[in-house]
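Working notes for the structure below.
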Amino acid sequence: MTVFCVLGDCSKEECHHCFPVKNCSDSHEWCSKNGCCDEIDPAKKIVVTGCAGFIGFHTTKYLLENNYEVYGVDNVNDYYDVSIKKAHIELLTSYPNFRFAKEDIQDTTVISTFRPYKIIHLASMAGVRYSIENPKTYCDVNIRGFIHILEESVKNNVQHIVYASSSSVYGLNTKVPFEETDKIETCNSPYACSKMAMELYAKTYTQLYPVSCFGLRFFTVYGPHGRPDMAPYKFMKAIMNETPIDKYGDGTSSRDYTYIDDIVSGIVGALENRKEKRCEVYNLGNSQPVSLNEFIETCEEICGKKAKIHQLGEQLGDVPHTYASIEKAKEDLDYKPNMGLKNGLKKLYDYLL
């Protein structure tokens, strides 16, 4: 179907005299004489929520560079430095195929006005520790916000939703590596519970309505433009500036650190949905867990400085280990992470410089 405007109603020439396009695929005479804008492929119309955040920025940038029409949505909240998010939006608005709405996912109208083919839903309240202090906020934003996205999608015939879940849903599971088929009984924070609830709502809506939902369980994502509240950014910057870092526990806890470019490749794989499945969850990790002690040592090596450590006890809500099995993502999404921790942290270091 040819689309002449963002509404994408039809391809009748008389309905779109206000939007004649160059190189019209329907060979309209009016378009050949008066074509003034590029034709929009409906399958290239994507809404990205949380576009001003770390993963949202990188994902949106990739889509724009690959000729998608992207409508970004973000409420630019102050969970961390707002200037970082504003800088991301400024970079994205330099692309002619990007539009932005400063709206909350709990009541955004962008899906109804833009009528996208697919949605990448990355907007959420993040942070395990903050969720323990503010559990109701996570119900409002993560759960109620996702329900609004689902309702708007059903109303506007959106074909496919890719949404951010989290490795936190595995909680205190002791079996490693974590597999998508593992029975989950031990969510250890309101944040983890909100992500688990999102997965349940996605499953329910795909049972009730003709929409596909892919949930992606991200494992400790890091890289340039990263969140300043997360360990890779926070530790690296502290070591560079010779300021103390808070170290929780004895350093034997481990995380499956995953570089941002690998995460974006997994998101795009889920967006393309090659296997034509309707409701799945996938681990997106590096499948190479690293202890906190080893992580700090690697940061020290890259910075050429020793860390100043402020030793603290175990933190409420933390989990001891994360470790992703990525076999399912490899099979279905052609997911192939290839950035090792040392090289990835070097890229983060160069960015911080």
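Condition first: touching a Ser or Thr at 6+ places or on another chain (Cβ under 8 Å), open to solvent by less than 20 Å² (accessible area, probe 1.4 Å) and not polar (S, T, N, Q). Can you find one or more residues in the stretch 279-287 that meet it? It would help to see each step written out before you state the result.
If we filter the stretch 279-287 for residues that are touching a Ser or Thr at 6+ places or on another chain (Cβ under 8 Å), which is where we start, we get 279, 281, 283-287.
Cutting the leftovers down to open to solvent by less than 20 Å² (accessible area, probe 1.4 Å) gives us 283-286.
Filter once more, keeping what is not polar (S, T, N, Q): 284-285.
For the stretch 279-287, residues touching a Ser or Thr at 6+ places or on another chain (Cβ under 8 Å), open to solvent by less than 20 Å² (accessible area, probe 1.4 Å) and not polar (S, T, N, Q): present.
Among the conditions (1) open to solvent by 40 Å² or more (accessible area, probe 1.4 Å); (2) at pLDDT 95 or above; (3) touching a strand residue (DSSP E or B) at 6+ places or on another chain (Cβ under 9 Å), the only one that residue 246 does not satisfy is (2). Identification of helices (runs of 4 or more DSSP H) wholly contained in the stretch 105-163 with 2 or more residues that are open to solvent by less than 30 Å² (accessible area, probe 1.4 Å) yields 110-114, 145-155. For the stretch 74-99, a residue qualifies if it is touching a Phe, Trp or Tyr at 6+ places or on another chain (Cβ under 8 Å) and either open to solvent by 60 Å² or more (accessible area, probe 1.4 Å) or closer than 19 Å to residue 126 by Cβ (or both), and the qualifying residues are 74, 79, 88, 89, 91, 93, 99.
Just name the residue that is surrounded by the fewest Cβ atoms within 10 Å (Cβ to Cβ) out of those in the stretch 249-278 that are under 30 Å from residue 209 (Cβ atoms) and modelled with pLDDT under 95. This residue is 276.
Scanning the stretch 328-340 for residues that are open to solvent by 70 Å² or more (accessible area, probe 1.4 Å) and touching a residue at least 60 places away in the same chain (Cβ under 8 Å) yields 334, 336, 338. Taking the criterion of being under 14 Å from residue 260 (Cα atoms), part of a helix (DSSP H, G or I) and among the small types (Gly, Ala, Ser), the only residue of the stretch 328-352 that qualifies is 344.
Among the conditions (1) open to solvent by less than 40 Å² (accessible area, probe 1.4 Å); (2) assigned to a loop (DSSP other than H, G, I, E, B); (3) at pLDDT 95 or above, the only one that residue 173 does not satisfy is (3).
Return yes when residue 246 is more than 29 Å from residue 155 (Cα to Cα) and assigned to a helix (DSSP H, G or I) and no when it is not. No, not satisfied.
The values are calculated or read from the model by the stated rules, or taken from the named source; none is laboratory data. Predicted, not measured: the structure shown is a model, and the values here were computed from it. Glycine gets a Cβ as well: all are built from the backbone with ideal geometry, and neighbour counts include every protein chain shown. Surface areas here come from the heavy atoms of the whole protein model, side chains and all, with no ligands, DNA or RNA. Shrake-Rupley method; radii C 1.70, N 1.55, O 1.52, S 1.80 Å.
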